[in-house]
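Visitor: Shown below is the structure under consideration.
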Amino acid sequence: MCGIYHDVVLDTAPDKAFAAFSTEAGLNSWWTDQCSADCRIGGTCDFLFDPDYHWSAEVIELNESKHITWHFTHANQDWTGTRLSFRLIHSDGKLLLRMDHTG
């Protein structure tokens, strides 16, 4: 499947890492200028990067503290309809963040 795939080893607690991509405060700390995030299955996340970039995504998968997937319903043409997934994996005593952007 075509997409963008990243694996990053994290040096932080799993709950803090999960909060970075599943809470408004977490997302605003690294990705958006402002967001509103209803991070439950069927919930909507609205991402404001600047006045010209106001995107929305639906949460389509969620395994609390481990995995979340968004389906972009409103974004730039190359992002609308795509899926962005963040998954935390414990491996060899380390915490791995796997990010997949597909579609």
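Readers should treat all values here as calculations from the given coordinates under stated rules, not as data from a laboratory. Everything numeric here is computed off the predicted structure, so don't read it as measured data. Glycine gets a Cβ as well: all are built from the backbone with ideal geometry, and neighbour counts include every protein chain shown.
Visitor: Report which label in (1) 41; (2) 27; (3) 20 holds the value of percent of Cα pairs over 22 Å apart derived from the coordinates of this structure.
Guide: (2)
Visitor: Could you give the length gained by full extension between Thr23 and Asp38, i.e. 0.36 nm per residue of separation minus their alpha carbon distance, to one decimal place?
Guide: 4.6 nm
Visitor: Once you put a point 7 Å from the Cα of Trp30 and another 7 Å from the Cα of Asp78, both along the Cβ direction, what distance in nm separates them?
Guide: Rounded to a tenth, the inter-label distance reads 2.2 nm.
Visitor: Here's another thing I want to ask about it. Taking 7 Å along the Cα-to-C-beta vector as the label spot, tell me the Ser91-Glu61 distance in nanometres, rounded to one decimal.
Guide: Each label point is offset 7 Å from its Cα along the Cβ direction, giving 1.6 nm.
Visitor: Going by Cα centres, segment 1-45 and segment 47-88 are how many Å apart?
Guide: After rounding, the separation between the Cα centres reads 9 Å.
Visitor: Can you give me the long-range amide H partners of Thr73? Hydrogens built in the peptide plane at 1.01 Å from N, cutoff under 5 Å, separation of 5 or more residues or another chain.
Guide: Under 5 Å from the amide H of Thr73 lie the amide H atoms of Ser56, Ala57, Glu58, Gly81, each far enough along the sequence or on another chain.
Visitor: Quickly work out the His101-to-Asp11 label distance, labels modelled 7 Å from Cα along the C-beta direction, and quote it in nm with one decimal.
Guide: Modelled inter-label distance: 2.6 nm.
Visitor: Highest mean first, how do 45-53, 86-94, 4-12 rank when packing is the count of other Cβ atoms within 10 Å averaged over residues?
Guide: 45-53, 86-94, 4-12
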